[in-house]
């Protein structure tokens, strides 16, 4: 019962928090900029991310079982891989936006225009669909025998590959290639972008201006550290029985905890978002009064 309540609270906080961010961006014209366009995409993704895992976990707890069908597991693998791939690219797009805004401010509106934003968002989602389709098709063709038990609360590609009793050489190559192209390359791109950003910030003579400029990146940096930090920590651990339980705990960070914290992180130090949320609250309050009358 305690686990059920905890996961239910996490799910509701994630859905409500990210929905408020999306609504705030939609109703406030000051937030209709490239940075908040990508933030809206990220919020949609986070709700999708959480909806893949937590409702199934709540169902398993309510039914008192820990069994999932093979079809259900493969669907989870497909959707989870899609979300993981898309989030890596979206975070890289947000780093690119901050780089252009700080390092090339005079050309910002020309470089990061509406068409570019739409193309980058489409690239992120289509890359997620393509990568998840390839990995899922290959993984679903593996042969499984014996005791099929995963030390996770949901299905992922890597644990399924380790369970297979057939030849997994191709699956390992695809999983490694996927991690390199969409994980490592995006992280390297983000690190390079922030290297140039930090150099540009340190060249600003005023201390107040430096702090104000960096504050526009602080939320994104926090999310990147949480997301990529948990991924790196999990996949760099040696594969043994003691690390599997730790892997399960860490995987919950980027699949449930990070989506829940993202709205808080992006609104806590962002006065524009806080202002938009206050306006949204007042608007909803007025509408409720009107309905009551």
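Among the residues of the range 102-115, the one identified as assigned to a helix (DSSP H, G or I) and crowded, with 21+ Cβ neighbours inside 10 Å is 102.
What are the residues in the range 126-148 that are part of a loop (DSSP other than H, G, I, E, B) and free of Cβ contacts under 8 Å to residues at least 12 places away in the same chain, if any? So that I can check it myself, show each step before the final result.
Kept after step one, since they are part of a loop (DSSP other than H, G, I, E, B), are these residues of the range 126-148: 141-148.
If the condition is that a residue be part of a loop (DSSP other than H, G, I, E, B) and free of Cβ contacts under 8 Å to residues at least 12 places away in the same chain, then 141, 147 are the ones that fit.
Residue-wise test of (1) in contact with a strand residue (DSSP E or B) (Cβ under 7 Å, 6 or more places away or on another chain); (2) in a helix (DSSP H, G or I); (3) at positive phi; (4) crowded, with 23+ Cβ neighbours inside 10 Å.
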residue	(1), (2), (3), (4)
49	no, yes, no, yes
62	no, yes, no, no
68	no, no, no, no
91	no, yes, no, no
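Of 90, 118, 8, all but one fail to be under 25 Å from residue 225 (Cα atoms) and modelled with pLDDT of 90 or more; the exception is 90. The set of residues from the range 75-112 being in contact (Cβ under 8 Å) with a residue 24 or more places away in the chain and more than 23 Å from residue 192 (Cβ to Cβ) comprises 76, 77, 78, 79, 80, 81, 82, 83. Take the conditions (1) in contact with a helix residue (DSSP H, G or I) (Cβ under 8 Å, 6 or more places away or on another chain); (2) outside any helix (DSSP H, G or I); (3) more than 20 Å from residue 52 (Cβ to Cβ); residue 170 misses just one of them, which is (2). Could you tell me whether any residue of the range 181-204 is farther than 22 Å from residue 97 by Cα and either modelled with pLDDT under 90 or in a helix (DSSP H, G or I) (or both)? Checking the range 181-204: not a single residue is farther than 22 Å from residue 97 by Cα and either modelled with pLDDT under 90 or in a helix (DSSP H, G or I) (or both). If the condition is being over 16 Å from residue 227 (Cα atoms) and surrounded by fewer than 13 Cβ atoms within 10 Å (Cβ to Cβ), then the range 181-197 contributes 192, 195.
The values are calculated or read from the model by the stated rules, or taken from the named source; none is laboratory data. All of these numbers come straight from a predicted model, not from anything done at the bench. As a convention, Cβ positions derive from the backbone with ideal geometry for all residues, glycine included, and neighbour counts pool all protein chains shown.
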